[in-house]
Structure formats: structure tokens, C-alpha cells
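Structure record follows, encoded as C-alpha cells.
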Amino acid sequence: MPLDTSLSAGRPQKFSVCVFDVDGTLLDSDAALLEPFLALGVPAAEVTFGHVLADECARLGIDVADYLAAYRIGQAEPYPGVPEVVARLDRWAVCSNKDGPAGRAELDFWGWHPTVALFADDFGGPKQLGPVLEALGVIGDEVLFVGDTAHDRTCATASGAGFALAGWNPRAVPVAGDIVLDRPADVLGLLDNLN
């Protein structure tokens, strides 16, 4: 799928800050996220992705503590090209539905140090881009939010941020108006804060 950089009227062609989702965007994490559910007896076909862990565990009748005990930090690997991209960014952030302690441990494992990293426990529920923007001291139209789900798209729209779909994730489904990125390096062409 070719890179679609069409932006809505009035939106800048370049963004000053990039905010990333983690699972399915920075990390190829489907297998790592699924493994604890399988170990706890949940059939693979019943598991869905992109939710707050507590909500998915409740839906499946699994205790969050049991899930986290079975989850292995570092099992999910970065998509090819992601480490090189984040290394080029002066300021960047994370906005994720991932469990906070697991998300922070995952960032530490990969040696990533975003300016701001907020997770489900920081939001008290599903992720919201607003608190990330506030912590960064920016407004929506300065920000490109890169994610892989409809919820990510909704977060960007609600905050007035640009949205780019992580097209390198085969589960990501584009809709009209999305900026679709084929590979992580495509992010760099939309930003003006590179090392």
C-alpha cells in the first residue's frame, strides 16, 4: 500500500512531536500478548487485541494478576525499523492501553526513553491522547499519533492530532483519510524534530 500523506485542510504537513501506541505499533506483540491467555486456558479465537488488559481479562474471566505473572517482558520484539526511528527523534511519547508496569518495563528492556510515556493505569481506563499532549506541552495539530487500531484513530481525532496507521502491522485496517505508513521509517518524513 503506498504512503498516503494526504492531510485534512488546515493541518500542517510536518508535525513537531510523534506519539506512538506500543502493542501492534512499536512492538510486534500479538503472540506475546496471546501466550498468557493460552497458558491460562483461554482459546486463541476468543482473545481480541487493542483493549485495556483489565477489560479483556474481565471479559475472558481471567485474573489480571495471573495474566501478568504469565507475561514475559521482552518476548514481543520491535517491528523492523522501529529502533532506528525512535533513535532519530528528539522528543517523542507513548500513549498505550498496556498495563503500566509492564509497559514501562518493556520500554526499559528495549532501551527506549520517550519524553512522556502514559499507560492504562495513568488514564484510569482506556488511553487518551489529551493527558499526553498536556505532559508534552503541545496542542493537537502539532502531534502525529501513530497506531494500529480504530481506538488509536479515535484518540487522535478527539485531540485534534494527526493520525498515521502503522501499516506494517498486518492487522491494521485503513479507512479513508488515514495517513498509511508502510514501514516505520515513513514516520520520519512527517516530522521536523529529527536528530
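The values are calculated or read from the model by the stated rules, or taken from the named source; none is laboratory data. These figures come from a predicted structure and were not determined experimentally. Methodologically, a virtual Cβ is constructed for each residue, glycine included, from the backbone with ideal geometry; neighbour enumeration extends over all protein chains shown.
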The range 54-106: number of residues that are β-branched (Val, Ile, Thr) and under 18 Å from residue 31 (Cβ atoms): 3
Positions within the range 76-127 being of a type in the set (Gly, Ala, Ser) and more than 20 Å from residue 158 (Cβ to Cβ), in sequence order: 76, 81, 87, 100, 102, 103, 105, 111
Any chance residue 186 is crowded, with 16+ Cβ neighbours inside 10 Å and more than 14 Å from the chain's Cα centre (by Cα): yes
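Here is a yes/no grid of residues against (1) surrounded by 13 or more Cβ atoms within 10 Å (Cβ to Cβ); (2) at pLDDT 95 or above; (3) on the phi < 0 side of the Ramachandran plot:
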site: 28; (1), (2), (3): yes, yes, yes
site: 46; (1), (2), (3): no, yes, yes
site: 63; (1), (2), (3): no, yes, yes
site: 69; (1), (2), (3): no, yes, yes
site: 81; (1), (2), (3): yes, yes, no
site: 90; (1), (2), (3): no, no, yes
Residue that is surrounded by the most Cβ atoms within 10 Å (Cβ to Cβ) [pool: residues in the range 145-162 that are modelled with pLDDT of 95 or more and closer than 16 Å to residue 27 by Cα]: 147
Residue among 40, 34 that is among the aliphatic types (A, V, I, L, M), surrounded by fewer than 22 Cβ atoms within 10 Å (Cβ to Cβ) and free of Cβ contacts under 8 Å to residues at least 24 places away in the same chain: 34
Meets criteria (among the small types (Gly, Ala, Ser) and more than 26 Å from residue 41 (Cβ to Cβ)) for residue 76: no
Every residue from the range 58-108 that is touching a residue at least 40 places away in the same chain (Cβ under 8 Å), part of a loop (DSSP other than H, G, I, E, B) and in contact with a Leu (Cβ under 8 Å, 6 or more places away or on another chain): 76, 79, 88, 90, 91, 96, 97, 98, 99
Failed criterion for residue 117 (all others in (1) under 17 Å from the mean Cα position of the chain (by Cα); (2) hydrophobic (A, V, I, L, M, F, W, C); (3) assigned to a helix (DSSP H, G or I) hold): (3)
Matching residues in the range 145-175 - criterion: being out of contact with any Phe, Trp or Tyr (no Cβ under 8 Å at 6 or more places or on another chain), more than 17 Å from residue 17 (Cα to Cα) and outside any helix (DSSP H, G or I): 148, 167, 170, 172, 173, 174, 175
Any hit, the range 121-144, residues being in the same structural domain as residue 184 (by TED's automatic domain parsing), within 15 Å of the chain's Cα centre (by Cα), basic (Lys, Arg) and modelled with pLDDT under 95: yes
